[in-house]
1. Considering only the range 107-136, state which residues are more than 18 Å from Lys58 (Cβ to Cβ) and in contact with a helix residue (DSSP H, G or I) (Cβ under 6 Å, 6 or more places away or on another chain).
2. Quick one: in the range 137-166, which of the residues that are in contact with a helix residue (DSSP H, G or I) (Cβ under 7 Å, 6 or more places away or on another chain) and in a loop (DSSP other than H, G, I, E, B) is nearest to His114 (Cα to Cα)?
3. Is it the case that the range 109-121 has a residue that's farther than 16 Å from Tyr51 by Cβ, among the basic types (Lys, Arg) and surrounded by 12 or more Cβ atoms within 10 Å (Cβ to Cβ)?
4. If you scan the range 123-173, which residues turn out to be closer than 25 Å to Asp188 by Cβ, hydroxyl-bearing (Ser, Thr, Tyr) and surrounded by fewer than 18 Cβ atoms within 10 Å (Cβ to Cβ)?
5. In this structure, does Thr123 turn out to be β-branched (Val, Ile, Thr) and either part of a loop (DSSP other than H, G, I, E, B) or without any contact (Cβ under 8 Å) to a residue 12 or more places away in the chain (or both)?
Amino acid sequence: MESIRHNKKIIISVLLLFIFTSLGCIQQADITPDSTEYVFNYTPYNSIAYYIMEDGVKTVYVIHNATQLDLIYMTSASSRSNFGMSNIVAVNRGNTANSYSYTISSRVIKGRKHVFIEFPPSTDFVAYTEKLEGNTLAREIKGNNQIKVVLLPDYTTGSRFLGMPIPKPDKMYEDDSGRTIMEWTGLDIKGFSVKYYKRSAPITLTYFFTILAVAAMLVLTYYRLKIQVLRKRREGE
């Protein structure tokens, strides 16, 4: 009997390990999430706002009639805690100071890693912070969501040489703080990419190409004069 009980424990342990491995590691909420770091603008439709920082991006979802977010895992952050996400909060618009408890897990679907955040039915906003590498924000979008991307005050986008938003935003404007804001209002958007850079970058690039062109003209003029001198010498002989 003792041997049978021991074998049952082993079988149960193996099954639990298999289930957790198949579904992905399930993690509990951050111990002390800080919702004051985020801007919560409620919309009567599902929407996602991305607020780009110097070294990362703050993402805020407006939730309607859902208890789970299905995110395609794109971050390359080295930290495996919460799959590279930090300060995850799930709040109600009536009291954004207190975050609900949530669970976060992952699963591979059709060769792609998906991250699932589950939260209570009364949740209106889900927000989290991620690190960004380089000056490009690219995301795949699941479901019908209107998208907003907010750049830093000293940054812009739209240059043919330095990079443009793909697809073209339905709206692109500046707010009172001088921040460039892009909006995609169509519900059929499946993803986007925004390459952003310092406002001075296009001017610097123009100066660079101007200097390069002047240098090229000087080199060509020098060689033309050199060739003319050689021809005159040959004709004199």
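1. Arg107
2. Among residues in the range 137-166 that are in contact with a helix residue (DSSP H, G or I) (Cβ under 7 Å, 6 or more places away or on another chain) and in a loop (DSSP other than H, G, I, E, B), the one nearest to His114 (Cα to Cα) is Leu162.
3. Going residue by residue through the range 109-121, those that are farther than 16 Å from Tyr51 by Cβ are 109-121.
With the extra rule that they be among the basic types (Lys, Arg), the set shrinks to 110, 112-113.
From what's left, surrounded by 12 or more Cβ atoms within 10 Å (Cβ to Cβ): 113.
So far as the range 109-121 goes, yes, one or more of its residues are farther than 16 Å from Tyr51 by Cβ, among the basic types (Lys, Arg) and surrounded by 12 or more Cβ atoms within 10 Å (Cβ to Cβ).
4. Matches in the range 123-173: Thr136, Tyr173.
5. yes
Any read-out appearing in this document is the output of simple, stated calculations on the displayed coordinates, not a laboratory observation. Nothing here was measured: the structure is a model prediction, and the numbers come from that model. Cβ sites come from the backbone with ideal geometry, for glycine too, and all protein chains shown count toward neighbours.
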